[in-house]
């Protein structure tokens, strides 16, 4: 049988190889991971967001201040939505995100869980409200200007105003709790 003989209706070896090469070229860019700095931002954002979610769950049950409870409820709503957006972005980019807070934040959460009453309220307001949002705003500002992947940069730009609003609200809450 000649080497170019094939069954009717089936592509030859060269056609199959060419089709495979075309498909590889078309799909390889779809799952290309963002640059390392962008992946690092995504990981830090996921961990920070999870810390705020976990701390806000604690606040819903442990806080005595109405301001802290309201703030915690808003944090749960907004950070869960941001976490879903980040998860969709990460999935589209082939990035596996952490699902727990950073180890240092996990220790803070454990310590916060042992607090009660006004002591808990003040710690939550200072650590989760003000400090965590100062850190998050700085992280997202940097990514909004420096991220090389346009989708990562757009996510940071879209999320940043909400985080800035959280920081402003956190400062008000902290001053109310400190009275």
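Of note:
- Residues (assigned to a helix (DSSP H, G or I) and loosely packed, with under 15 Cβ neighbours inside 10 Å) located in the range 136-161: 138, 142, 145, 146, 150, 151, 154, 158, 161
- Conditions (1) free of Cβ contacts under 8 Å to residues at least 40 places away in the same chain; (2) buried (at least 18 other Cβ atoms within 10 Å of the Cβ); (3) over 18 Å from residue 159 (Cα atoms); number of the one not met by residue 60: (2)
- Only one of the numbered conditions (1) over 15 Å from the mean Cα position of the chain (by Cα); (2) at pLDDT 95 or above; (3) farther than 15 Å from residue 49 by Cα is violated by residue 151, and that is (1).
- The sole residue among 136, 144 that is in contact (Cβ under 8 Å) with a residue 60 or more places away in the chain, touching a helix residue (DSSP H, G or I) at 6+ places or on another chain (Cβ under 7 Å) and under 21 Å from residue 95 (Cα atoms) is 136.
Residue-by-condition table, conditions (1) on the phi < 0 side of the Ramachandran plot; (2) at pLDDT 60 or above; (3) assigned to a loop (DSSP other than H, G, I, E, B):
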site: 3; (1), (2), (3): yes, no, yes
site: 19; (1), (2), (3): yes, no, no
site: 25; (1), (2), (3): yes, no, no
site: 40; (1), (2), (3): yes, yes, no
site: 45; (1), (2), (3): yes, yes, no
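- Residue 111 vs. criteria surrounded by fewer than 18 Cβ atoms within 10 Å (Cβ to Cβ) and either over 17 Å from residue 54 (Cα atoms) or at pLDDT 95 or above (or both): yes
- Among the residues of the range 86-98, those identified as loosely packed, with under 14 Cβ neighbours inside 10 Å and either without any contact (Cβ under 8 Å) to a residue 40 or more places away in the chain or assigned to a helix (DSSP H, G or I) (or both) are 88, 91, 92, 96.
- So residue 169, is it over 17 Å from residue 78 (Cβ atoms), in a helix (DSSP H, G or I), over 15 Å from the mean Cα position of the chain (by Cα) and at pLDDT 95 or above: no
The values are calculated or read from the model by the stated rules, or taken from the named source; none is laboratory data. In this text the structure is predicted, and so the values were computed from the model without any measurement. Virtual Cβ from ideal backbone geometry, glycine too; neighbours counted across all protein chains shown.
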